[in-house]
Amino acid sequence: MADASSPLPPYLEADIAEAARLLHRARYAIALTGAGLSKESGIPTFRGEGGLWTRNGEPPMNAYERFLMDPAAWWRERLDETGQKNNELAIAIAQAQPNAGHLALVELERAGYLRCTITQNIDNLHIAAGSERLLEIHGNRTLLRCIECDARYRPEMVPTEELPPRCDRCGGIVKSDTVMFGEPIPRRVLRACFLEAERADLMLVIGTTALVMPAADLPAVVYRHGGTLIEVNVEPTVLTPYCAVSLRGPAGTMLPRLVEAVTEHAGREPQFRGVGLDARL
Ligand code: NAD
């Protein structure tokens, strides 16, 4: 695979130029990111080559149901450092740093091209990179959340002498902010994601198989009302036939090239038509 500075094949240069043209023309562009974006930060994906599920099979899909049956047991397991040492995803996330793909999205946001990033990732890397207009649809692994009122807490704010810990505001049970399999997505963030998709006339769909619902519906919302989809992925996905352009390569190479191309295309500072967004929900 090409790195960020080596020449790309002509067909890929043409695709990047076309993606830059579309992005420059867009009135309200947003991004949807998935596990593939963080792969170059050393975090394995679930599906696709080398993915955790590709290697180990799918885990049970009733994690939230099991949590509700015994939240204290879930907390004991979480606080048990020996157990955490065997959690490949947790270890990789703890060590990861944002890569060139995360940083390119920040550049696009700061230049006024990207109005919002919706991420399915839980790894905190968009925030570490500097994204401000961010919606974390599956939560953030570094935070905790009350299952009743959705208040989010940093772990050091929540005493764990008594398990399960309770919310300061409403007394509800507190768990990891990460949305578990079978758990409803907090309503406020879900609504914000769909509002952004309804507003968007272009979506960059980056490093996701687009199979996990309801996040997988967001590109469909953009497409159904006449918006443009641009995919950045090393492999084709179910969305490929609906994409105006598919940048077939790693996000850490493709996204910096897209930033360069859109900057060249503009030849001037783009106009920023900022809008209010309750970022980091
Ligand atoms: P997925 O695991 O289903 O698919 C990963 C996708 O990324 C595949 O389409 C693959 O072809 C593509 N990909 C792999 N390397 C890439 C690269 N370098 N550049 C661009 N694309 C690349 O991921 P998903 O669709 O996000 O769904 C999995 C769910 O698992 C999500 O809901 C997410 O919350 C969670 N998850 C998150 C993390 C994380 O936070 N980093 C990691 C694993 C899984």
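Overall size of the stretch 65-131 from C-alpha positions, given as principal axis extents largest first: 47, 24, 13 Å.
Taking the chain as a Gaussian network, Cα atoms linked when under 10 Å apart, which of Cys146, Cys116, Cys170 shows the biggest mean-square fluctuation? Most flexible of the set in this elastic network: Cys170. Projected over every direction and averaged, the convex hull enclosing the alpha-carbon atoms of the chain yields 14.9 nm².
What separates the Cα centres of the stretch 163-215 and the stretch 132-155 is a distance of 8 Å.
Looking at the chain, which longest stretch skips every one of the GluC sites (Glu not before Pro) that is in a DSSP loop with at most 16 other Cβ atoms within 10 Å, leaving the sites themselves out?
On the way: sites that count: Glu49, Glu132, Glu148, Glu161, Glu162.
Answer from the scan: 163-281.
Here the extension length gained between Glu198 and Ala266 equals 21.9 nm, from 0.36 nm per residue of separation less the Cα-Cα distance.
Just want the answer: with Cβ charges of +1 for Lys and Arg and -1 for Asp and Glu, which residue in Ala17, Gly51, Ala31 is farthest toward the dipole's positive end in the stretch 14-53? The residue sitting farthest along the positive end of the dipole is Ala31. Modelled spin-label separation between Glu49 and Gln97, with each label point placed 7 Å from Cα along the Cα-to-Cβ direction: 2.5 nm.
Can you give me the distance in nm between label points at Arg188 and Leu211, each placed 7 Å from the Cα along the Cα-to-Cβ direction? That separation, rounded to one decimal, is 3.3 nm. Each residue in Ser6, Ser176, Ser38, Ser131 was given a count of other beta-carbon atoms within 10 angstrom of its own, and listing them fewest first yields Ser6, Ser176, Ser131, Ser38.
Read-outs: derived from the displayed coordinates by stated rules, not from any lab. Values in this document were obtained by computation on a predicted structure and should not be read as measured data. When we count neighbours, we look across all protein chains shown, and the Cβ atoms used for this are built from the backbone with ideal geometry, even at glycine.
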